[in-house]
Amino acid sequence: MSSTIFIQTPFQSKSLNKSLNTHFVPSFKLPVSLSFKPRTAAFSKRVHIRAGLIEPDGGKLVDLHVSETERELKKREAASLPKVKLTPIDVQWVHVLSEGWASPLTGFMRESEFLQTLHFNSLRLDDGSFVNMSVPIVLAIDDLQKASIGESDRVALLDSDDKLIAILTDIEIYKHPKEERIARTWGTTAPGLPYVEETITNAGNWLIGGDLEVIAPIKYNDGLDRFRLSPVELRKEFERRNADAVFAFQLRNPVHNGHALLMTDTRRRLLEMGYKNPILLLHPLGGYTKADDVPLSWRMKQHEKVLEDGVLDPETTVVSIFPSPMHYAGPTEVQWHAKARINAGANFYIVGRDPAGMGHPVEKRDLYDADHGKKVLSMAPGLERLNILPFRVAAYDKTQGKMAFFDPSRAQDFLFISGTKMRTLAKNKENPPAGFMCPGGWEVLVEYYASLTPSDNDRIPQPVAA
């Protein structure tokens, strides 16, 4: 890869509000069929530009790493503590917590935080204000682990290789209400939810919460660690580039020219609003994803080609990896994705059709309404400071031979290329219409599908590393 960097305010509860405002940016209006109006308090007809990056939730970023001078002491302390083994996804959550993506959380949730997250999608701070928190960040243990912990108020957290990752202090152990957790997070208990089957179904019947003391920054040694910029590092990069606005775009798929059109058009609109140097945070999700998603290493390789081919401008784009695991929990999860970007310094968030969604695991339909994600984001408690940029629909314009914003008055001129169609073309080594994706990026996608090796028992083919 090249050297280019791939890089709270008080909130009253709904019961206290006379009316519930939303916070879409006025310049990015939704269709008039929607029944709610954009919030306009943050932006007047003439935009007032606020210097500096948006403050993180709670006023400052959490950093849960112990100092280098303390590491050996903590390792000696951990040797005598009860041990809890972490799964790879648990380690990803330690990564998320340690760098402050979930600020102001200081560790795995205790019961009060867990219940607030499940029932309110937010946490109340000591000063009475709220921050958004829509997905539980918890650590499960089983009966034997609970018994081994006994009366200890601290435990050592080890990875699958018995390497010390962290110490969890001032712990609280409480029941793991799996069915309630699944129902409230996903809105269904249907079998086949990927994250549920991977992390919850066979997990222990107890949750353990507490404050984290992380021994050292989490590294994956996969050749991509240099792209895993923390919120602190991202904020420094935005400041180095003199950004006066940061607009974030999350994705877990390859970038096609429709995405690029949306992102470049967003920057143009922000310039028209009065910003001088808006910077794009292109932020692919780097934690757990379901088996049929394109793996991170291949997505990063494809994103690199997008910048190399000039589809996106490296001078105004920071491409970095977001370490969170993926829930596929639709409107609930998209709040987490947006909240984490506030902590990274983003004050604008691009949201598209069915964000964080997936097909229903049993029925032949989408699990969530395609428009609910952006509607929920516009009203979510604790996200009032974040400006929501609704996705404009892009499709392949056959008259221009390129991706363009869909014009319903000449619908016959547009071709919608679904993800399924894109995958089928790539698997068959066929080319999409010219202008759909940059040639270098498409070659990476074809190469990825060619690398898949059939697995036993007709299961999903296993990918070969990029």
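The values are calculated or read from the model by the stated rules, or taken from the named source; none is laboratory data. Owing to the predicted nature of the structure, the values given are computational and were not obtained by experimental measurement. Note that we place each Cβ from the backbone using ideal geometry, even for glycine, and neighbour counts take in every protein chain shown. Just the protein is used for accessible areas: all its heavy atoms, side chains included, with ligands, DNA and RNA removed. Shrake-Rupley method; radii C 1.70, N 1.55, O 1.52, S 1.80 Å.
When Lys402, Lys421 are screened for being within 30 Å of Gly187 (Cα to Cα), assigned by the TED database to the domain that holds Asn253 and open to solvent by 60 Å² or more (accessible area, probe 1.4 Å), only Lys421 passes.
Yes/no per residue for (1) open to solvent by 10 Å² or more (accessible area, probe 1.4 Å); (2) under 23 Å from Val393 (Cα atoms); (3) among the basic types (Lys, Arg):
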| site | (1), (2), (3) |
| --- | --- |
| Glu315 | yes, no, no |
| Tyr328 | no, yes, no |
| His337 | no, yes, no |
| Gly345 | no, no, no |
| Val351 | no, yes, no |
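Against the list (1) surrounded by 15 or more Cβ atoms within 10 Å (Cβ to Cβ); (2) farther than 19 Å from Leu251 by Cβ, the condition Asp369 fails is (1).
In region 287-307, which residues are in contact with a helix residue (DSSP H, G or I) (Cβ under 6 Å, 6 or more places away or on another chain) and open to solvent by 20 Å² or more (accessible area, probe 1.4 Å)? The answer is Tyr288, Lys290, Lys301, Lys305. Checking each residue in region 212-256 for being acidic (Asp, Glu), within 26 Å of Ile54 (Cα to Cα) and in a loop (DSSP other than H, G, I, E, B) picks out only Asp244. In this entry, Leu280 passes the filter for residues that are at pLDDT 95 or above and not in a helix (DSSP H, G or I).
Any idea which residue in region 306-338 is modelled with the lowest pLDDT, counting only those that are touching a Gly at 6+ places or on another chain (Cβ under 9 Å), among the β-branched types (Val, Ile, Thr) and in a helix (DSSP H, G or I)? Restricting to residues being touching a Gly at 6+ places or on another chain (Cβ under 9 Å), among the β-branched types (Val, Ile, Thr) and in a helix (DSSP H, G or I), the top hit is Val306.
Would you pick out the residues in region 96-109 that are open to solvent by less than 20 Å² (accessible area, probe 1.4 Å) and either closer than 12 Å to Leu168 by Cβ or part of a helix (DSSP H, G or I) (or both)?
Once the filter is applied, which keeps residues that are open to solvent by less than 20 Å² (accessible area, probe 1.4 Å) and either closer than 12 Å to Leu168 by Cβ or part of a helix (DSSP H, G or I) (or both), region 96-109 yields Val96, Leu97, Ser98, Gly107, Phe108, Met109.
All of Leu123, Leu118 fail the test of being in a strand (DSSP E or B), touching an Asp or Glu at 6+ places or on another chain (Cβ under 9 Å) and not β-branched (Val, Ile, Thr), apart from Leu123. For region 359-386, the set of residues classified as assigned to a loop (DSSP other than H, G, I, E, B) and under 30 Å from Arg269 (Cα atoms) consists of Tyr368, Asp369, Ala370, Asp371, Ala380, Pro381, Gly382, Leu383, Glu384, Arg385, Leu386, listed by residue number.
Taken over region 405-418, the criterion of being outside any strand (DSSP E or B), of a type in the set (A, V, I, L, M) and loosely packed, with under 15 Cβ neighbours inside 10 Å is satisfied by Ala411 alone.
For every residue, the table says whether it meets (1) modelled with pLDDT of 95 or more; (2) surrounded by 17 or more Cβ atoms within 10 Å (Cβ to Cβ); (3) not assigned by the TED database to the domain that holds Gly441.
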residue	(1), (2), (3)
Lys219	yes, no, yes
Leu229	yes, yes, no
Val232	yes, no, no
Arg235	yes, yes, no
Arg240	yes, no, no
Asp244	yes, yes, no
Ala248	yes, yes, no
Arg252	no, yes, no
His259	no, yes, no
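Scan region 83-95 residue by residue and report those that are closer than 11 Å to Val214 by Cα and open to solvent by less than 10 Å² (accessible area, probe 1.4 Å). The answer is Val94, His95. Screening Asp170 on (1) in a helix (DSSP H, G or I); (2) more than 15 Å from Trp206 (Cβ to Cβ); (3) among the charged types (D, E, K, R) shows it passes everything except condition (1). Among the hydrophobic types (A, V, I, L, M, F, W, C) and either open to solvent by 10 Å² or more (accessible area, probe 1.4 Å) or not assigned by the TED database to the domain that holds Arg341 (or both), is that true of Met263? Considered against the rule, which asks whether it is among the hydrophobic types (A, V, I, L, M, F, W, C) and either open to solvent by 10 Å² or more (accessible area, probe 1.4 Å) or not assigned by the TED database to the domain that holds Arg341 (or both), Met263 comes out as no.
Can you give me the number of residues within region 203-216 that are closer than 18 Å to Ile137 by Cβ and surrounded by fewer than 21 Cβ atoms within 10 Å (Cβ to Cβ)? Number of matching residues: 4. Consider region 131-167 and keep the residues that are open to solvent by 20 Å² or more (accessible area, probe 1.4 Å) and assigned to a strand (DSSP E or B). The one that is nearest to Leu367 (Cα to Cα) is Ala140. Filtering region 387-401 to residues that are in a loop (DSSP other than H, G, I, E, B), closer than 13 Å to Ile417 by Cβ and touching a helix residue (DSSP H, G or I) at 6+ places or on another chain (Cβ under 6 Å) leaves only Lys398.
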